[in-house]
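First up is the structure itself, then whatever we jot down about it.
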Amino acid sequence: MFINYYLFMTPSASDLGPAVAGLDSRRLAQFVGVVESSTLAEAAARLFITQQALSAALRSLERDLGVILFDRSRRSLQPTEAGKALYAGARPLLAGTRALADEVRRVANGSPEPFVIGHSPALSGAEVHGIIERGLDVYPDRSVTARPVFPSAFEDELMSGAADLILRRGVGTPQRLASAIVTYHLLRVAVSAQHPLAGRSRIAMADLGTYPIMVWAPEHRSFYTDYLLAHCRRCGIEPVLKVNPIQGTPPSTAVLRDHRVCAFVTDEPGALHGGRAEVIDLDAGPLVPVQALWLPHTESPFRTALLGATATGGPPSPEDV
């Protein structure tokens, strides 16, 4: 199997056309295996080929590309800058070919497996379901599995094929993934039923200034934490942050065991958890984005239906905002 693509090179005065190269996907996979191993011998063992055959495959790949991919002056192979660039693009490309092969087999068998959506614990099950319904409106018989995934595993879930789509709070595009903003949710505040602010119909941001704010990751470790902090600072407060020791549960549960903390949530206002907590509207509460991540170089009709206009980079529909 060969993957053909263009390597765009700086044109000389005598040649203004692009050079065409063919990449053998098997050699590309072997190259990735070497980069991800500590030694050539370890990579050969993982790939079930001899060390000599693997070394020859790497040399052949370098000849095909016309570049040096490894610094061989050390005991262990270290990728050159060209090698690092190839590795960055190779992982999603190989993951895309595996996803395509799997999809072709599923279509041929006539029994597609569930479309798997991983989502950040910052998104509630109801919010995820609302997004899934877009796809089901077009493909009502499509089987879907949704499950929480921690942010540190987002990329690995997609690269390994364990998830077809990831939903998270975020706006930045990871280097090796495709993305689009899917929708926005209104930010509110959750407090314990015993909290001094409990029972109010609305809360101003200034009211939160004396209470700790529960988050799920420290500052600079999470887009969502940084987003929430930026909003607090714009409103003139510098909150004391507490990192929730319980990960993976709905955000509104963060206030159940500490009656002085607040937590930013996107749940509908009202009582939760048997009356132990309540969600209160914020004055001029901001909208927080939901971003979808998926493998580049892949096509999925269900994903396109689920994302709607955003699948091609368009804006969310008015009812999403």
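Measure nothing fancy, just the Cα-based angle from helix 125-138's long axis to the longest principal axis of the chain, in degrees from 0 to 90, nearest 10.
60
If contacts are Cα pairs under 8 angstrom and at least 6 residues apart, what is the relative contact order of the chain in percent?
Across the chain, relative contact order equals 19 percent.
Sum up the charges of everything whose Cβ sits under 14 Å from the Cβ of Gly270, counting Lys and Arg as +1 and Asp and Glu as -1, but leave Gly270 out.
Residues near Gly270 contribute 0 overall.
Kindly express, to the nearest 10 degrees and within the range 0 to 90, the angle between helix 223-234's C-alpha long axis and the longest C-alpha principal axis of the chain.
40
Just to be sure I understand: of the beta bridges DSSP finds with both ends in the chain, what percent are antiparallel, rounded to 5?
Given both bridge residues lie in the chain, the antiparallel proportion sits at roughly 70 percent.
On a 0 to 90 degree scale, rounded to 10, what angle separates helix 25-35 from the longest Cα axis of the chain?
70
Read the figures in this text as sums done on the coordinates, not as results from a lab. Model, not experiment: these values are computed from the prediction. Positions of Cβ are generated from backbone atoms using ideal geometry, with glycine treated the same way; all protein chains shown enter the neighbour counts.
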